[in-house]
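Enquirer: Input: one structure, supplied below.
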Amino acid sequence: MNLDDPRVQRTRARLRDAFLELAAEQDLDAITVSAVAKRAGINRATVYQHYPDADALVVDAMDGEVAEVARAVRLCPADAPPGSTPGALVGLFEHIAARAAVHRRVLGDQGSAGFAGRMREQVTAALTERFREGARPAGFDDVPADLHAAYLAGALLGVVTHWITAEHPAPPADVAAAFWRLFRS
């Protein structure tokens, strides 16, 4: 299968979206290949042409979510003016809010340590890369870039997890502003 083929990309996107929709509605363990195929409007056999099993589909769908978080982190400037939250950070929290049920399931008490670990690793890698390119807050030159990045990635994951599992979560822009203030300190 040629993953660069637009038809393959569209089919896989439909399957990932169908999985994420189902994950917002039910526990991950309860999601079947048949249910994903039905939601995507695709024959069950077609699912197996793209993924060997449900676990591979889950990993692909959740890796897309992880990649979106890492992408947003890469876009956040380290030198935004005080009192101004970077739009990419607000966008990240809005993206997570739009998929809050999925993130709540995979990051909450019944969640997946593997997903949280992949998110932390990719965000750490994105920040480390940016720091080595010179986009690092001032005053931390004595701290290794990868250690600084790991610290901030853990903080971001902690804030996201706390926020989406809260009984009454704050608006995304408010959480982004609070995180940015902590990040800048």
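Enquirer: Could you give each residue of the stretch 166-177 its phi-based ³J(HN,Hα) in whole Hz, using Karplus coefficients 6.51, -1.76, 1.60 with θ = phi - 60°, and x for Gly or Pro?
Expert: 5, 5, 10, x, 5, x, x, 5, 5, 5, 4, 5
Enquirer: Could you size up the charge dipole of the stretch 1-51 around its Cα centre, putting +1 on the beta carbon of Lys and Arg and -1 on that of Asp and Glu, and report it in debye to the nearest 20?
Expert: In total the dipole reaches around 260 debye.
Enquirer: Pick out, from 115, 147, 56, the residue whose Cα sits farthest towards the positive end of the charge dipole of the stretch 13-153, with +1 on the Cβ of Lys and Arg and -1 on the Cβ of Asp and Glu.
Expert: The listed residue farthest towards the positive side: 56.
Enquirer: Another question, if that's okay. Residue 125: net charge of surrounding residues, Cβ under 14 Å, Lys/Arg +1, Asp/Glu -1, itself excluded? Kindly include the intermediate steps, with their values, before the conclusion.
Expert: On the way: positive: 71, 74, 118, 120, 130, 132; negative: 63, 121, 129, 133, 146.
Once all neighbours under 14 Å are counted, the net charge is +1.
Enquirer: Helix-only estimate, please: 222 nm mean residue ellipticity of the chain, summing -39500 (n - 2.57) across DSSP H runs of length 4 or more and dividing by its residues, to the nearest 500.
Expert: Numbers: 9 runs with 130 residues, N = 185.
The helix-only estimate for the chain comes to -23000 deg cm²/dmol at 222 nm.
Enquirer: Along the positive direction of the dipole of the chain (beta-carbon charges: Lys, Arg +1; Asp, Glu -1; about the Cα centre), which of 22, 70, 1 reaches farthest?
Expert: Towards the positive end, the residue furthest out is 1.
Enquirer: Roughly how big is the chain's charge dipole about its Cα centre, with Cβ charges of +1 (Lys, Arg) and -1 (Asp, Glu), in debye to the nearest 20? Mind showing how you got there, number by number?
Expert: Working: 20 positive and 24 negative charges, 82 e Å.
In total the dipole reaches around 400 debye.
Enquirer: Please turn the phi angles of the stretch 140-150 into ³J(HN,Hα) values with the Karplus equation 6.51 cos²θ - 1.76 cosθ + 1.60 (θ = phi - 60°), one per residue in order, whole Hz, x for glycine and proline.
Expert: Running phi through 6.51 cos²θ - 1.76 cosθ + 1.60 with θ = phi - 60° gives 10, 4, 7, 9, x, 4, 5, 5, 4, 5, 4 Hz.
No lab work stands behind these numbers, since they all come straight from the coordinates. Because the structure is a prediction, the values reported are computed rather than measured. Counting neighbours? That spans all protein chains shown, and the Cβs are built from the backbone with ideal geometry, glycine included.
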